[in-house]
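Undergrad: What follows is a structure written as structure tokens; I'll ask about it next.
The values are calculated or read from the model by the stated rules, or taken from the named source; none is laboratory data. Source: prediction; values computed, not measured. Heads up, the Cβs are rebuilt from the backbone with ideal geometry, glycines too, and the neighbour counts pull from every protein chain shown.
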Amino acid sequence: EWTTGSIVEEQVAAIREQVGDARLICGLSGGVDSAVAAALVQKAVGDQLTCVFVDHGLLREGEAEQVERDFVAATGAKLHVAHEADRFLAALEGVADPEQKRKIIGREFIRAFEDAEEAVLADAAAAGATVDFLVQGTLYPDVVESGGGEGAANIKSHHNVGGLPEDMRFQLVEPLRALFKDEVRAVGAELGLPAAMVQRHPFPGPGLGIRIIGDITQERLAILRRADAIARQELTRAGLDAEVWQMPVVLLADVRSVGVQGDGRTYGHPVVLRPVSSEDAMTADFSRLPYELLATISNRITNEIEEINRVTLDVTSKPPGTIEWE
Ligand code: XMP
């Protein structure tokens, strides 16, 4: 039988068998998948796990605090925070190609984990040990879409599957590899993670980096972060979080259009709202959000963010569109 409880028991046993008394690192992204993977490993082998949260500077407003505060409170896991925004921005400078961005972000993630290993080992209980395993929250759809499934085409290099460097020194532990998102949420709830964390909309590992169409700069990130925060706030206020699978906000950073504000002509950037409904992210349809909500989001974004003078709505299904724009 395939119940949530049996998935947990099975995975706890499999993790213990795979890692023995070796030590593990788990990268937390701020999303559900890595949090549930970490909570499973924490349940299986407790203090052998140290979570590493790489703040790559591509996060949304408030996300770093959520990991540092809420996740630790819920699981009691050891957490090491690496502040790496400068490193990622330097590596991404001038890069506009989506696959290049993903590869660079994936590579820098692993390098950042490797750098964090020393700090992890400094932990008193770990003196003299090595860290041999890397825990990843890879889901079944990630495996299929990165070409891991039989006969599947490589659609996008998900950073946590296709983009790993070949010289990586960790072995992988991927306890969610056979699961779909709804199963992962159920496992998270079973493990006692708070509802706010378990029900959180998916957010890609490469973060806002793949929601800026064009190259990534500090200024563009700041603009997108504000637009995204407004859109999320209003979706929540409308009580529609559960109706929507996720709602990326995409900044068309290389596009400008003419607008008018007060007495003046503006020449600003558009953002795209990409609200989608989905069961598992393999296919999706655009969410029919109420016009009132769309109007509120549009008004707030264009009023509150000087650089944005146009808000557009993506009404494409997947396929042919993907959920993210890159
Ligand atoms: P697409 O854009 O391929 O996205 O329709 C499907 C789902 O996966 C998320 N996504 C990612 N998640 N690393 C992740 O952990 C990634 O590189 C990545 N790219 C896309 C996306 O947000 C959607 O939920």
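Undergrad: If you scan region 42-62, which residues turn out to be of a type outside the set (Val, Ile, Thr), touching a residue at least 40 places away in the same chain (Cβ under 8 Å) and closer than 22 Å to residue 218 by Cβ?
TA: Matches in region 42-62: 56, 57, 58, 59, 60, 61, 62.
Undergrad: Let me ask something additional. Condition (residue is modelled with pLDDT of 95 or more and under 20 Å from residue 184 (Cα atoms)) applied to region 18-34: is it met by at least one residue?
TA: No - not one qualifying residue is present in region 18-34.
Undergrad: Here's another thing I want to ask about it. Among the residues of region 187-234, which ones are of a type in the set (Val, Ile, Thr) and either more than 16 Å from the ligand (Cβ to nearest atom) or under 25 Å from residue 75 (Cα atoms) (or both)?
TA: Keep residues of region 187-234 that are of a type in the set (Val, Ile, Thr), which gives 187, 198, 210, 212-213, 216-217, 223, 230.
Across region 187-234, the qualifying residues are 187, 198, 217, 223, 230.
Undergrad: Would a scan of region 282-291 turn up a residue that is of a type in the set (D, E, K, R), in contact (Cβ under 8 Å) with a residue 12 or more places away in the chain and out of contact with any Pro (no Cβ under 6 Å at 6 or more places or on another chain)? Before you say what the answer is, go through the steps one by one.
TA: Filtering region 282-291 down to residues of a type in the set (D, E, K, R) leaves 285, 288.
Of the ones still in play, those that are also in contact (Cβ under 8 Å) with a residue 12 or more places away in the chain are 285.
Cutting the leftovers down to out of contact with any Pro (no Cβ under 6 Å at 6 or more places or on another chain) gives us 285.
Yes, some residue in region 282-291 is of a type in the set (D, E, K, R), in contact (Cβ under 8 Å) with a residue 12 or more places away in the chain and out of contact with any Pro (no Cβ under 6 Å at 6 or more places or on another chain).
Undergrad: Please go through (1) in contact with a helix residue (DSSP H, G or I) (Cβ under 7 Å, 6 or more places away or on another chain); (2) touching a residue at least 60 places away in the same chain (Cβ under 8 Å) for residue 271 and return the number of the only condition it doesn't satisfy.
TA: That leaves (2) as the condition not met.
Undergrad: State which residue pairs qualify: first residue under 29 Å from residue 23 (Cα atoms) and inside region 75-103, second residue surrounded by fewer than 17 Cβ atoms within 10 Å (Cβ to Cβ) and β-branched (Val, Ile, Thr) in any location, beta carbons under 9 Å apart, and separation of 6 or more residues or different chains.
TA: Within 9 Å, the pairs are 78/72; 79/72.
Undergrad: Still on this structure, please answer the following. Is it the case that some residue within region 74-82 is within 16 Å of the ligand (Cβ to nearest atom) and buried (at least 19 other Cβ atoms within 10 Å of the Cβ)? Reasoning before the result, please.
TA: Here is the first cut: in region 74-82, the ones within 16 Å of the ligand (Cβ to nearest atom) are none.
For region 74-82, residues within 16 Å of the ligand (Cβ to nearest atom) and buried (at least 19 other Cβ atoms within 10 Å of the Cβ): absent.
Undergrad: Let me ask something additional. Tell me whether region 246-254 contains one or more residues that are assigned to a loop (DSSP other than H, G, I, E, B), within 16 Å of the ligand (Cβ to nearest atom), closer than 28 Å to residue 198 by Cβ and at pLDDT 95 or above. Let's see the steps before the verdict.
TA: Applying the first criterion (assigned to a loop (DSSP other than H, G, I, E, B)) to region 246-254 yields 247-248, 253-254.
Next, only the ones that are within 16 Å of the ligand (Cβ to nearest atom) stay: 247-248.
Checking the rest, the ones that are also closer than 28 Å to residue 198 by Cβ come to 247-248.
Filter once more, so that each one left must be at pLDDT 95 or above: 247-248.
Yes, because at least one residue in region 246-254 is assigned to a loop (DSSP other than H, G, I, E, B), within 16 Å of the ligand (Cβ to nearest atom), closer than 28 Å to residue 198 by Cβ and at pLDDT 95 or above.
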